[in-house]
Amino acid sequence: MLKKLFQSFRPVEQTALPDPDAELALGALLVRVALADRDYQVEEISLIDRILARLYQHNAIEAAKVRATCEKLHAAAPETDTFGKLIRETTGLEERLAAMEALWEVVLADGAQKEGELKIIEEARKAMGLSVADSAAARDRIQARI
């Protein structure tokens with residue numbers, strides 16, 4: 001009887017997550033960077049939605065749905081370098097540089113670069129096959145915008 005009671009509280013069927021593509025991989029990395037300081041703010045969520053909309057031509061609702069999927073992927077996720085490698089293997093240099101800029105945009109959104117965020121940026125940079133100079137240039141472009 002107790003077994004039936006406990007089973008009634010479990011979800012009937014868990015939804016399978018999609019296999020990540022470059023967009024979902026970048027979104028998961030953006031979520032990972034935003035969560036690195038354990039302070040996932042509405043501003044960061046909104047920024048991730050705007051970045052996804054800008055890079056992948058989504059409307060606001062589509063971008064929010066993609067981000068929600070990316071949050072689930074992050075939670076169940078492989079290591080940071082797995083997402084970075086997926087981006088490297090499925091996109092060209094220009095897209096990888098745009099991905100690095102997007103990561104820096106989230107890191108710099110709150111005006112402070114925290115150690116956990118920088119560690120994720122560095123892991124993603126290496127996995128995406130970008131140089132330290134590429135990352136620094138991406139950071140400088142974002143700083144100039146804000």
What is the distance in Å between the Cα centres of segment 121-146 and segment 63-87?
19
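Mind listing which trypsin sites (Lys or Arg not before Pro) in segment 38-82 are in a DSSP loop and have 13 or fewer other Cβ atoms within 10 Å?
On the way: sites: Arg38, Arg50, Arg54, Lys65, Arg67, Lys72; in loops: Arg38.
Answer in residue order: Arg38.
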Provide the descending list of Cα extents for the chain along its principal axes, expressed in whole angstroms.
63, 32, 31
Of the residues Gly129, Gly84, Gly27, which exhibits the maximal mean-square fluctuation in a Gaussian network model of the chain defined by a 10 Å Cα contact cut-off?
Gly129
Hey, got a sec? Which GluC sites (Glu not before Pro) in segment 40-143 land in a DSSP loop and have at most 14 other Cβ atoms within 10 Å?
Glu79
Estimated vicinal HN-Hα couplings, Hz - segment 63-76 in sequence order (Karplus 6.51, -1.76, 1.60; Gly, Pro = x)
4, 5, 5, 4, 4, 4, 5, 5, 4, 5, 4, 4, 5, 9
Excluding residues on the same chain fewer than 8 positions from Lys119, give the aspartates and glutamates whose Cα lies under 14 Å from its Cα.
Asp37, Glu79, Asp81
Candidates Leu73, Leu118, Leu26; GNM for the chain (alpha-carbon contacts under 10 Å) flags as most fluctuating Leu118
Of the candidates Ile61, Ile48, Ile121, which one comes out as most mobile in a Gaussian network treatment of the chain with C-alpha springs shorter than 10 Å?
Ile61
Give a residue-ordered list of calculated ³J(HN,Hα) values for segment 129-137 (Karplus: 6.51 cos²θ - 1.76 cosθ + 1.60, θ = phi - 60°; whole Hz; x for Gly, Pro).
x, 9, 8, 4, 5, 4, 5, 5, 5
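Bear in mind that the values in this text are calculations on the coordinates, not laboratory data. What you see is a predicted model; the values in this text were computed from it and never measured. A quick note on method: Cβ atoms are made from the backbone with ideal geometry, for glycine too, and the neighbour counts reach across all protein chains shown.
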